[in-house]
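Working notes, beginning with the structure itself.
The values are calculated or read from the model by the stated rules, or taken from the named source; none is laboratory data. The model shown is predicted, which means the values in this text are computed figures rather than measured ones. With ideal geometry, Cβ positions are generated from the backbone for all residues, glycine too; neighbour counts draw on all protein chains shown. SASA here: full protein model, heavy atoms, side chains in, ligands and nucleic acids out. Shrake-Rupley method; radii C 1.70, N 1.55, O 1.52, S 1.80 Å.
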Amino acid sequence: MEQIARRFLILKLIVEEFIKTAKPVGSQTLIDAYDLKYSSATIRNEMFSLEEDGYIEKPHTSSGRIPSAKGYRYYIDNLRSKDEKANIIKERLNQFIDENGNTMHTDQIIDRCCEIISNMTNLVSVVLGPDNKSESIAKVELIPLNFSTAIVMFVTNNGYVEHRTISIPKDTDIEELKDCIKIIDKRIHGISLENIKTTLDGVQLVLSEHIKNYESVFNAFANTFLNIAKDRISYFGRNNLLSQKDFADIEKIKRIAGVLENTNIWKSFDNEEGIYVSIGKENKIDDLSDVSVVSTRLKVNDNKLGSVCVIGPTRMDYNQVIEALEFLNSKLEELDENKKEKPE
């Protein structure tokens, strides 16, 4: 048992040292960096056993070892521990949410938090909004600015807010327009975003019956609805790919950058509860074969807020990313509870 414990301690240190330095790890490096009490020969024997079992591998140009995908997987599932560097990220997220939680909408908070995570980990974040099937229109409101312009605001059941400034046609009675908005609000309330295109025909009919020059108003409605209904996806830290030692090959960067634009790929990471880590070839996508993805579905009670994927080399600091995403999820739940307790 002691030998097994020693072997996996050495695996843990190899993974963490390689994450830190991006250099293959030798026995003397481990002794010097971690003040190990084992002899160099003992450590080499354990490294040989780990290599035979497929947990580490030897690059052709070095006498040191690097973790394999199997080694990373074992580390994530069994060996990782709390990361002090993750505390710095969590403190920054906590500060941001505490300062802005009552003034910003949830989707804005998620975007800004993922931008913070990307900046502080030097990785790429992809934020995918809620599935159109699970989201519906909750409210439409008209806010007149002056006699010629107004803001139409749409709110979904998940708290997502979209607004458009519209031009009010000449000779249009503002009260008539407000009445029209009320009718539209009633007609589309509870309609899923997936079915919003079909609903637009009925909306156009209502507008034509209540407003003489209805085209400009309808176009504003249609454009805003379609904007809400499309896949909402945000990217943060794409330029971080350029600074990764693991992606020195420009062709590799181009391939990964191309994959980032494929919304359907990131949708495929939206099927897991909790934190899900996909390493290298586990992604089953050729252009992501040397990339790891840490993803989570953001959910408060039964209210699905979307999902987040953090992308980087297989050498990424998994502890940092996993702890940051776990913390973000817990803070969103806390924020939701605080809003419920707050009196109207």
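So here's what we get for this one:
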{"quantity": "Qualifying residues in the stretch 40-77 (those that are polar (S, T, N, Q) and touching a Lys or Arg at 6+ places or on another chain (Cβ under 9 Å)) - the one nearest to GLU17 (Cα to Cα)", "calculated": "SER62"}
{"quantity": "Matching residues in the stretch 244-264 - criterion: being open to solvent by less than 70 Å² (accessible area, probe 1.4 Å), under 28 Å from LYS23 (Cβ atoms) and part of a helix (DSSP H, G or I)", "calculated": "ASP246, PHE247, LYS252, ILE253, ILE256, ALA257, VAL259, LEU260"}
{"quantity": "Residue within the stretch 116-123 that is open to solvent by 30 Å² or more (accessible area, probe 1.4 Å), closer than 26 Å to LYS178 by Cα and either touching a Gly at 6+ places or on another chain (Cβ under 7 Å) or of a type in the set (A, V, I, L, M) (or both) present", "calculated": "no"}
{"quantity": "Single unsatisfied condition, ALA150 versus (1) modelled with pLDDT of 90 or more; (2) buried (at least 20 other Cβ atoms within 10 Å of the Cβ)", "calculated": "(1)"}
{"quantity": "Filter result (more than 25 Å from TYR55 (Cα to Cα) and either in a helix (DSSP H, G or I) or at pLDDT 80 or above (or both)) within the stretch 265-290", "calculated": "ILE265, TRP266, LYS267, GLY274"}
{"quantity": "Number of the exception - ILE183 against (1) surrounded by fewer than 17 Cβ atoms within 10 Å (Cβ to Cβ); (2) in contact (Cβ under 8 Å) with a residue 24 or more places away in the chain; (3) within 11 Å of ILE137 (Cβ to Cβ)", "calculated": "(3)"}
{"quantity": "Filter result (open to solvent by less than 10 Å² (accessible area, probe 1.4 Å) and farther than 22 Å from THR21 by Cα) within the stretch 301-317", "calculated": "GLY306, SER307, VAL308, CYS309"}
{"quantity": "Residue under evaluation TYR160, criteria (1) at pLDDT below 75; (2) farther than 30 Å from VAL124 by Cβ, criterion not met", "calculated": "(2)"}
